[in-house]
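Here's the structure, in structure tokens; my notes come after.
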Amino acid sequence: MTHATVTEGVTPADAATASPADLNAAVSSVEADILGVRLGMSPDEVGTALNENKPDNVQLLPRKWSSMDPAHASDFQPVNAETPGAFVPGIRATGPGSTHEIQVTFAKPPADNVVESIMRKELYSSVAGQQTSLEAYRQSLIEKYGTPTEEDQGGAIVLIKWLYPDSASDCTPLKSNLPAKRQMSNYPKDMGHLPETCATTLVYSLTANGGIVSNMEAKLANVGQEYFNREAMIAHRDALNEQAAEAQRQQATDRPNL
């Protein structure tokens, strides 16, 4: 008799019904946004959203394209938009004096070239005339995103987290005193949840000086989806490289000088 193996922390029903396609559908349905940018948006949609919602002193950097096809590019170097296999790896926007940064990352082939993570950070101590208390900032976040799933106010950095849906697996446990960007680096394979069961996570980290927020970071992503996209990208890149190598071998027909 054989027994199905279920990862600790994952129910048999989760393991039987969840799939990467289900996860993609769940991520695309998440309505949370950062400056109007949502997961699953195209590069053009991101450009429109940022132009409509970003602060006036934040500027979008010129868009760049890359390709993994070794016949047309090398090591993700910039290419023209018309290059075969071209995709947009990310869109950035910055404010004066490094006071503001927005980084939108897109999934790479073979996945659709849509948003898979959004990161924003702002340094308020360098912004003249802008002061927001920690509690006022927290209340503004709750008004926009609803009641948080989890909060960590015990360290120097206040962390506020939302899960979408909050019934899905929490694959991003909060790490005290780390900013939002470092809260969701990679899917932790040993944490006891299958990646396809991971909830989408939004984390805000707030650093305060005398009760006044001086630094904010935010990140929105689904580490399970990022994991699947990364694994598929590696396999796709390796297949392209092997095809290019085989084509080169087929053309290597020069007779040796014996």
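For region 136-158, enumerate the residues that are within 18 Å of residue 34 (Cα to Cα) and among the aliphatic types (A, V, I, L, M).
Within region 136-158, 141, 142 qualify.
Restricting attention to region 210-256, and to residues there that are in contact (Cβ under 8 Å) with a residue 40 or more places away in the chain and polar (S, T, N, Q), which single residue is farthest from residue 182 (Cα to Cα)?
241
Among the candidates 220, 202, 194, 240, single out the residue that is within 30 Å of residue 142 (Cα to Cα) and in contact with a Gly (Cβ under 9 Å, 6 or more places away or on another chain).
Result of the check over 220, 202, 194, 240: 194.
Among the residues that make up region 185-193, is at least one of them of a type outside the set (Phe, Trp, Tyr), within 14 Å of residue 117 (Cβ to Cβ) and assigned to a loop (DSSP other than H, G, I, E, B)?
yes
Let me confirm something: among 181, 161, which residue is in a helix (DSSP H, G or I), within 21 Å of the chain's Cα centre (by Cα) and either in contact (Cβ under 8 Å) with a residue 40 or more places away in the chain or buried (at least 18 other Cβ atoms within 10 Å of the Cβ) (or both)?
Only one candidate passes the filter, namely 181.
Could you give every pair whose Cβ atoms fall below 7 Å, whose first residue belongs to region 21-36 and is more than 23 Å from residue 54 (Cβ to Cβ), and whose second residue is loosely packed, with under 15 Cβ neighbours inside 10 Å, counting only separations of at least 6 or pairs across chains?
Sorted first by the residue in region 21-36, then by its partner, the list stays empty.
Given the structure, is residue 204 touching a Cys at 6+ places or on another chain (Cβ under 9 Å) and either surrounded by 12 or more Cβ atoms within 10 Å (Cβ to Cβ) or β-branched (Val, Ile, Thr) (or both)?
no
Could you go through region 189-197 and let me know if any residue there is without any contact (Cβ under 8 Å) to a residue 40 or more places away in the chain and under 28 Å from residue 53 (Cα atoms).
Taking region 189-197 as the starting set, the residues that turn out to be without any contact (Cβ under 8 Å) to a residue 40 or more places away in the chain are 189-190.
Within this subset, residues satisfying the condition of being under 28 Å from residue 53 (Cα atoms) are none.
Within region 189-197, not a single residue is without any contact (Cβ under 8 Å) to a residue 40 or more places away in the chain and under 28 Å from residue 53 (Cα atoms).
Per-residue answers, yes or no, for (1) under 27 Å from residue 111 (Cα atoms); (2) of a type outside the set (Phe, Trp, Tyr); (3) in contact with a Lys or Arg (Cβ under 9 Å, 6 or more places away or on another chain):
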| position | (1), (2), (3) |
| --- | --- |
| 202 | yes, yes, yes |
| 206 | no, yes, yes |
| 210 | no, yes, no |
| 228 | yes, no, no |
| 236 | yes, yes, yes |
| 242 | yes, yes, no |
| 250 | no, yes, no |
| 253 | no, yes, no |
| 256 | no, yes, no |
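If you check 98, 19, 42, 66, which single one turns out to be within 16 Å of the chain's Cα centre (by Cα) and at pLDDT 80 or above?
So the residue among 98, 19, 42, 66 that is within 16 Å of the chain's Cα centre (by Cα) and at pLDDT 80 or above is 42.
If you check residue 188 against the conditions, is it of a type outside the set (A, V, I, L, M, F, W, C), under 21 Å from the mean Cα position of the chain (by Cα) and modelled with pLDDT of 90 or more? Quick ask: steps written out before the conclusion?
Values: of a type outside the set (A, V, I, L, M, F, W, C): yes; under 21 Å from the mean Cα position of the chain (by Cα): yes; modelled with pLDDT of 90 or more: no.
No, not satisfied.
Within region 111-158, which residues are among the hydrophobic types (A, V, I, L, M, F, W, C) and surrounded by fewer than 14 Cβ atoms within 10 Å (Cβ to Cβ)?
Hits for region 111-158 are 128, 136, 142, 156.
Going by what's in this entry, would residue 31 be described as charged (D, E, K, R), modelled with pLDDT of 95 or more, more than 15 Å from residue 119 (Cβ to Cβ) and not in a helix (DSSP H, G or I)?
It is true that residue 31 is charged (D, E, K, R), modelled with pLDDT of 95 or more, more than 15 Å from residue 119 (Cβ to Cβ) and not in a helix (DSSP H, G or I).
Pick out the one residue from 239, 221, 245, 232 that is surrounded by 11 or more Cβ atoms within 10 Å (Cβ to Cβ) and under 11 Å from the mean Cα position of the chain (by Cα).
Working: 239 fails: under 11 Å from the mean Cα position of the chain (by Cα); 245 fails: under 11 Å from the mean Cα position of the chain (by Cα); 232 fails: under 11 Å from the mean Cα position of the chain (by Cα).
Just one listed residue meets the conditions, 221.
The values are calculated or read from the model by the stated rules, or taken from the named source; none is laboratory data. Please read all numbers here as calculations on a predicted model, not as lab measurements. For neighbour counting, all protein chains shown are included, and Cβ atoms are generated from backbone atoms with ideal geometry for every residue, glycine included.
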